[in-house]
Amino acid sequence: MSEHTHEAVSDESKRHKHEGPRNHNLTYIVSALLTIFAFAAVLYGQLDRTFIILFIVVLGLIQAVFQLFFWMHAKEKGHFFPVIGIAFGFFIALTAVAAAVWWMWW
Amino acid sequence: MANAHAHAHAAVHHEPKRYTGLMDWLTTVDHKKIGILYLIAGGFFFLIGGLEAILIRTQLMYPDQKIFVGDTFNQLTTMHGTTMIFFAAMPLLFAFMNAVVPLQIGARDVAFPFVNALGFWLFFAGGVLMNTSWFLGGAPDAGWTAYAPLSSIIDPDGKFHGVDFYVLGLQIAGIGTLIGGINFLVTIINMRAPGMTFMRMPLFTWTVFVTSILITFAFPAITVALIELMFDRLFHGAFFEASRGGNNVLWEHLFWIFGHPEVYILIMPAFGIISEVVSTFSKKRLFGYSSMVFATVLIGFLSFMVWVHHMFTTGIGAVGNSIFAIATMAIAVPTGVKIFNWLFTLWGGNIRFTVANLFATAFIPTFVMGGVTGVMLAVPAADFQYHDTYFVVAHFHYVIVGGLILSVFAGLYYWWPKMFGRMLSEGLGKVHFWLFFIGFHLTFFPQHFLGLMGLPRRYFTYMPGFGLETGNFISTIGAFLQGLGMIVFLINIIVTARKQKDAGNDPWDGFTLEWTIPSPAPEYNFKQTPLVRGLDAFWKEKMAGNKEMTPAEPIGPIHMPSPSILPFVMSLGLFISGYGFIYHHYIVSGAGLVITIISMFLRSLFDDHGWHIEPEELEEHKGGKA
């Protein structure tokens, strides 16, 4: 078991060397910008409440995608199952929450 | 795992800690032993649940009896349902998953052996916690579905803690099941032998794979529901209390978002067992393998989209009811595909009616009957009539007992030699089968009609003169017959355990990898990882005139995980803290949690690299050639 893990780690670090830090720098900047936009939308004070909420939710979703793909390696090879799993999890959770909320509180 | 040996071998070579006797079982991380533990614990709870069932049927044998009335009867039905689903059916399936799946995919263990042991001990702690309620003021009595607000009623005197036991017991057991599901998901994805692609996996492994997916996605819903109920009951929360802004329908949604996938979690591995048994004893490969896989995945997917069919009478409205009715009926299509595939597998086969195959072939028509009443129940307008009557009871016992339990017995007779190295007696097995099978139909067939006549479920009695006497009487006699069948099965186990180990590697002329190794499997399963050259790997080699599998690696040291007492201690900690929560002694709960957390730290801080079995030691074992 344990060697297995070690091997996986060394494999991954090899891949990182090839790729370089370019993508990570880029996504770091984009993530920072997204956060600034979210703050700015609230600070500006002229926008509609509903718009701000939706805007921040959309920014949050974009950020989550960046997190998954660049920081959690979802775009790399060998991550097919985690990606499918996360997508399926979203699907199930959204269906369940949407249906239950719809019937109970609308 | 095999490839990793050479590289880490030099670094770690120490004598393994070898425990014997009881300590061996408490510390084992071997999937085969954990499978046996699941079988023993699940079998024990199955007997308790069965005893509760017989007590229920005794009360209902004649009209207007007063043996178990009111609260006692409610406790019996609640505990029967909960015990059978969570503490009998689930662990019995986990027993097969542990005993068979790593062998079928040519692996030496599961992906996370430590987590595997932890999963077992958590389930066991939860099951014992819940069943001790019988001696501590009374068992849970709000039904196995524990609908709020009934389940959130608290005894003002603080003496009766029934539902608290339900909440804490299921929560602890649920963690165990969840990590077990994740473990098998990772195992099946990552640990298959070279050459075993997904479309070469035996069907039992496929169904366990889908079941593990369902466990992983369904159990979080019950975890959330139980946490909320726990807060309502212990800390004056109001998740389900309408008068304080809560909503009790929330419980129904959460429970069934979990609960419907749960019944498919139960039936999927049963489908897998039937597929293996039917094809082996027809001496034919499974008909329509790829359509079976497709049907399995489709049923798994649809199972998340039908939970509202348990709630047709909740008042969701015509549109919602119709959508879920159609989704529910759609499941009949892939299930039908499976039924026909089994029939076509049997068609023209060289059928041997061993006990395993008797159970498997009895499963097919029985399960179809349960399926047909399922489609009837899926019609919302009709469901308003059937709801909460014995018709529903008959339906789900046809699919769970007639489906799951018959296939569990088929699987036990089939894999017993691989698990224990001894063949169960076929003669006693046939007695067991006929008693159980006839008893089953006597018990549940009349219940369809009792339901249609209007007998509500969960009522502790009925009045004479309404035409309900005969059906109930026959039903009770059937329950006694099933009990007799179980006694014969226990005798069979004892008789078998007392004789010499007599099972060869391949007693049934099987198709899959587990039959290529000795019975019972050695600690390391495969001396050399086999090379899989097609679906039904062993059958393929047999057809090519080979006696054994082609190895995929040279003989080398085999890496083994170290045994550990930590899984047991972690579970013990949660078990203790469970009582603390139930009795509001938060020092006790804190102490229990501290035990668990310290064990987690110990596990994290001290690396355990396991140990190796050297090639020279392998030579001493029999089985396999150098």
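The values are calculated or read from the model by the stated rules, or taken from the named source; none is laboratory data. The model shown is predicted, which means the values in this text are computed figures rather than measured ones. Note that each Cβ is placed from the backbone with ideal geometry, even for glycine, and that neighbours are counted across all protein chains shown.
Can you tell me which residues in the stretch B:501-522 are over 15 Å from B:Val101 (Cα atoms) and of a type in the set (D, E, K, R)? Once the filter is applied, which keeps residues that are over 15 Å from B:Val101 (Cα atoms) and of a type in the set (D, E, K, R), the stretch B:501-522 yields B:Lys501, B:Asp502, B:Asp506, B:Asp509.
Applying the set (1) in contact with a His (Cβ under 9 Å, 6 or more places away or on another chain); (2) within 14 Å of chain A (Cβ to nearest Cβ); (3) within 28 Å of B:Met130 (Cα to Cα) to B:Ile582 leaves exactly one unmet item: (2). Hey, could you check the stretch B:291-318 for residues that are at the interface with chain A (Cβ under 10 Å from one of its Cβ atoms) and over 14 Å from B:Thr211 (Cα atoms) and say which is surrounded by the most Cβ atoms within 10 Å (Cβ to Cβ)? The residue in question is B:Trp307. State whether the residues of the stretch B:265-286 include one that is part of a helix (DSSP H, G or I), within 12 Å of chain A (Cβ to nearest Cβ) and farther than 21 Å from B:Ile188 by Cβ. Checking the stretch B:265-286: not a single residue is part of a helix (DSSP H, G or I), within 12 Å of chain A (Cβ to nearest Cβ) and farther than 21 Å from B:Ile188 by Cβ.
Kindly indicate whether B:Phe204 is in a helix (DSSP H, G or I) and either within 14 Å of chain A (Cβ to nearest Cβ) or at pLDDT below 95 (or both).
Here the answer is no, as B:Phe204 does not meet what is asked.
Restricting to the stretch A:70-85, what's the tally of residues that are over 16 Å from A:Ala32 (Cα atoms) and away from chain B (no Cβ under 11 Å)?
In the first step, residues of the stretch A:70-85 are kept if they are over 16 Å from A:Ala32 (Cα atoms); the result is A:72-85.
In the following step, the residues that additionally are away from chain B (no Cβ under 11 Å) were identified as A:72-77, A:79, A:83.
The number of residues fulfilling the criteria is 8.
Each residue in the stretch B:55-70 was checked for being within 11 Å of B:Tyr459 (Cα to Cα) and part of a helix (DSSP H, G or I), and 2 pass.
What do you reckon, is B:Glu514 over 29 Å from the mean Cα position of the chain (by Cα), part of a helix (DSSP H, G or I), under 22 Å from B:Val278 (Cβ atoms) and not aromatic (Phe, Trp, Tyr)? So B:Glu514 does not fit the description; no.
Working only within the stretch B:585-617, note down all residues that are touching a strand residue (DSSP E or B) at 6+ places or on another chain (Cβ under 6 Å) and away from chain A (no Cβ under 14 Å). Scanning the stretch B:585-617 gives a single hit, B:Ile613. Working only within the stretch B:525-549, note down all residues that are surrounded by fewer than 18 Cβ atoms within 10 Å (Cβ to Cβ) and under 23 Å from B:His612 (Cα atoms). B:Leu531 - this is the single residue of the stretch B:525-549 that is surrounded by fewer than 18 Cβ atoms within 10 Å (Cβ to Cβ) and under 23 Å from B:His612 (Cα atoms). Of all the residues in the stretch B:248-264, those that are of a type in the set (D, E, K, R) and within 12 Å of chain A (Cβ to nearest Cβ) number 1.
So that you can scan it fast, the table gives a plain yes or no per residue for (1) surrounded by 21 or more Cβ atoms within 10 Å (Cβ to Cβ); (2) at pLDDT 95 or above; (3) farther than 30 Å from B:Leu170 by Cα:
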position	(1), (2), (3)
B:Ile477	no, yes, yes
B:Leu490	no, yes, no
B:Ile493	no, yes, no
B:Glu523	no, no, yes
B:Ala552	no, no, yes
B:Met560	no, no, yes
B:Val569	no, yes, no
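Exactly one residue out of A:Leu33, A:Leu47 is modelled with pLDDT of 90 or more and either in contact with a helix residue (DSSP H, G or I) (Cβ under 7 Å, 6 or more places away or on another chain) or surrounded by 11 or more Cβ atoms within 10 Å (Cβ to Cβ) (or both): that is A:Leu33.
Taken as a whole, the structure leaves A:Leu59 outside the set of residues that are at pLDDT below 85, more than 14 Å from every other protein chain (Cβ to nearest Cβ) and in a helix (DSSP H, G or I). In this structure, B:Ala99 does not satisfy being modelled with pLDDT of 95 or more, farther than 30 Å from B:Val532 by Cβ and crowded, with 24+ Cβ neighbours inside 10 Å.
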